[in-house]
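Engineer: Quick one: structure below, then a few questions.
Please treat every number below as a calculation from the coordinates, not as lab data. Remember, it's a predicted structure, so these values are computed and weren't measured experimentally. Heads up, the Cβs are rebuilt from the backbone with ideal geometry, glycines too, and the neighbour counts pull from every protein chain shown.
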Amino acid sequence: MSMDLQRRGLLFILSSPSGAGKSTISRRLLAAEPDLGFSVSATTRPPRPGERDGADYHFVSAERFAEMVAAGDLLEHATVFGNRYGTPRAPVEAAICAGRDVIFDVDWQGAQQIANSPLRDAAVSVFILPPSIAALEARLRARGQDSAEVIAGRMEKSLSEISHWDAYDYVLVNEDIDDCAAEVFAILKAERLRRMRRPGLTGLVRRLGEEFEGRQA
């Protein structure tokens, strides 16, 4: 029987160039881990077909977004392809304090800001590389979501994204989505077991010591 020990929550960051697989892996994590929450970002971009406000993103005006930045209500924020994105701070802090994990699908700018935030000790970052630039472009075209112009813009931005790979705790290569997802699951499981994230161990060790002394009495 496993012992239920108090645990601090994780900020689990996934980053990659567009098309390298982070969104697919995020969805798999959320489907397999009922206690894992998704950080719903605020954005100034308009909703895409099928997206729901409050579920996929918090869709806000540019004016409202600026107010959130000025008030310090965002844990991180960045401008991507002319639109602003940011993570509301309050729900993330509440989850961490309650011992729940939150997954972040952010770019390198967001990951860097989280690494420099008061919540940095709770953060674990994973960067996903494509096996080749040709494979990355093929995946973007296969999605069928973007125009040729948008795909060209995403490809151009990929080099900038990839150049920040060494700022992450873990770096994976997505040659096969099933294998890559399994590696991400393994990282999440191992990080949850880190000693520093399990303050309940202190009480357990103290009780073990008291029990041992009682046997010697």
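Engineer: Please enumerate the residues belonging to region 81-98 that are among the hydrophobic types (A, V, I, L, M, F, W, C) and either touching a Phe, Trp or Tyr at 6+ places or on another chain (Cβ under 9 Å) or surrounded by fewer than 16 Cβ atoms within 10 Å (Cβ to Cβ) (or both).
Structural biologist: Of everything in region 81-98, those that are among the hydrophobic types (A, V, I, L, M, F, W, C) and either touching a Phe, Trp or Tyr at 6+ places or on another chain (Cβ under 9 Å) or surrounded by fewer than 16 Cβ atoms within 10 Å (Cβ to Cβ) (or both) turn out to be PHE81, ALA90, VAL92, ALA94, CYS97, ALA98.
Engineer: Same structure again: Output the residue which, of all residues in region 99-132 that are surrounded by fewer than 21 Cβ atoms within 10 Å (Cβ to Cβ) and of a type in the set (Gly, Ala, Ser), is farthest from the chain's Cα centre (by Cα).
Structural biologist: SER132
Engineer: Identify, please: which residue in region 146-184 is surrounded by 14 or more Cβ atoms within 10 Å (Cβ to Cβ) and among the hydroxyl-bearing types (Ser, Thr, Tyr) and is, among those, farthest from ALA78 (Cα to Cα)?
Structural biologist: The qualifying residue farthest from ALA78 (Cα to Cα) is TYR170.
Engineer: Confirm whether ARG120 is under 19 Å from GLY72 (Cα atoms) and out of contact with any strand residue (DSSP E or B) (no Cβ under 7 Å at 6 or more places or on another chain). Before you say what the answer is, go through the steps one by one.
Structural biologist: Numbers: under 19 Å from GLY72 (Cα atoms): yes; out of contact with any strand residue (DSSP E or B) (no Cβ under 7 Å at 6 or more places or on another chain): yes.
Taking the combined requirement at face value, the residue satisfies it.
Engineer: Quick one: which of PHE65, PHE59, PHE81, PHE104 is under 18 Å from PRO118 (Cβ atoms) and aromatic (Phe, Trp, Tyr)?
Structural biologist: Values: PHE65 fails: under 18 Å from PRO118 (Cβ atoms); PHE59 fails: under 18 Å from PRO118 (Cβ atoms); PHE81 fails: under 18 Å from PRO118 (Cβ atoms).
PHE104 is the lone residue from the list that is under 18 Å from PRO118 (Cβ atoms) and aromatic (Phe, Trp, Tyr).
Engineer: Kindly indicate whether ILE25 is in a helix (DSSP H, G or I), touching a helix residue (DSSP H, G or I) at 6+ places or on another chain (Cβ under 9 Å) and closer than 22 Å to SER163 by Cβ. Spell out the reasoning first.
Structural biologist: Values: in a helix (DSSP H, G or I): yes; touching a helix residue (DSSP H, G or I) at 6+ places or on another chain (Cβ under 9 Å): yes; closer than 22 Å to SER163 by Cβ: yes.
Yes; evaluated as a whole, the condition is true for this residue.
Engineer: If I filter region 151-168 for residues that are under 22 Å from ALA123 (Cβ atoms), touching a residue at least 60 places away in the same chain (Cβ under 8 Å) and in contact with a strand residue (DSSP E or B) (Cβ under 6 Å, 6 or more places away or on another chain), do I get at least one hit?
Structural biologist: There is at least one residue in region 151-168 that is under 22 Å from ALA123 (Cβ atoms), touching a residue at least 60 places away in the same chain (Cβ under 8 Å) and in contact with a strand residue (DSSP E or B) (Cβ under 6 Å, 6 or more places away or on another chain).
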